[in-house]
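The structure appears right after this line, and notes come after that.
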Amino acid sequence: MLKSTMGVIGRRTSEAFANVIVGNTVKELEDKYSFLRNVHIKGTKYTEIFEIITIDQDIEEIEKNKLGTTMREFLENIILSMGKNAGYYFIKEIKEDLPFPFVESIKEIGVDLDFLQLKFITEIKEFSKFNIENHDILKNVFTTIFEILDRNIGRDSAYLILNELINRYNIIKQIINTI
């Protein structure tokens, strides 16, 4: 999964950036999951000749559930560190990059990529639900009205009518503020 994650990040940004993001995330999680010290990420300069990621054999002794928890937290940290450049499509690309049997295997140990996508969508909807300001609503309403008028009666008439609506709105707003 590390290689797929690096590949997806590298396609969206650069291989060097992918190396830094994944390397930093692994380092961040090492204190919590000491077995991650067995994961070594090398520079991407000679990827055709050398393996970019090596994992010591000691990792085979880790409990599957603990590995699943670590993988899930790793993905969540990657998404957070990449900000708005990651999320639903990022997880989708990772899922598409992995072989289907692997996706099913990691699901059995608690890394459900479909669930992570749904979680991301839900969090975005919850976040955006509370970040709508009144001026955003008015802007969207006026933009929609303008587009409808523009299609039906032409741009010049749409400007005149929208200007009149905004003037009436401002008058009403002044009256309300004086009350």
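The values are calculated or read from the model by the stated rules, or taken from the named source; none is laboratory data. This is a predicted model, so every value here is computed, not measured. Neighbour counts are summed over all protein chains in view; Cβ atoms, including those assigned to glycine, are modelled from backbone coordinates with ideal geometry.
Counted as qualifying within the range 90-179 are the helices (runs of 4 or more DSSP H) with 2 or more residues that are within 28 Å of THR13 (Cα to Cα), namely 100-108, 113-129. What about LYS32, is it modelled with pLDDT under 85, over 22 Å from PRO101 (Cα atoms) and more than 19 Å from the chain's Cα centre (by Cα)? So LYS32 does not fit the description; no.
Return yes or no: is ILE78 at pLDDT below 85 and either β-branched (Val, Ile, Thr) or not assigned by TED's automatic domain parsing to the domain that holds ARG11 (or both)?
Here the answer is no, as ILE78 does not meet what is asked.
Among PHE102, PHE90, PHE50, which is at pLDDT below 90 and more than 14 Å from the chain's Cα centre (by Cα)? If you could, list the steps in order and put the result at the bottom.
Details: PHE102 fails: at pLDDT below 90; PHE90 fails: more than 14 Å from the chain's Cα centre (by Cα).
Unique residue meeting the criteria: PHE50.
When the range 132-179 is filtered for residues that are surrounded by fewer than 12 Cβ atoms within 10 Å (Cβ to Cβ) and charged (D, E, K, R), the ones remaining, listed by number, are GLU133, ASP136, LYS139, GLU147, ARG151, ARG155, ASP156, GLU164, ARG168, LYS173.
Close Cβ contacts (under 9 Å, 6 or more residues apart or on different chains) running from residues in the range 94-120 that are free of Cβ contacts under 8 Å to residues at least 60 places away in the same chain to residues that are loosely packed, with under 12 Cβ neighbours inside 10 Å and assigned to a helix (DSSP H, G or I) comprise ILE109/ASN65; GLY110/ASN65. Inspection of the range 14-28 identifies no residue that is at pLDDT below 75, over 17 Å from MET1 (Cβ atoms) and either of a type outside the set (Phe, Trp, Tyr) or loosely packed, with under 15 Cβ neighbours inside 10 Å (or both).
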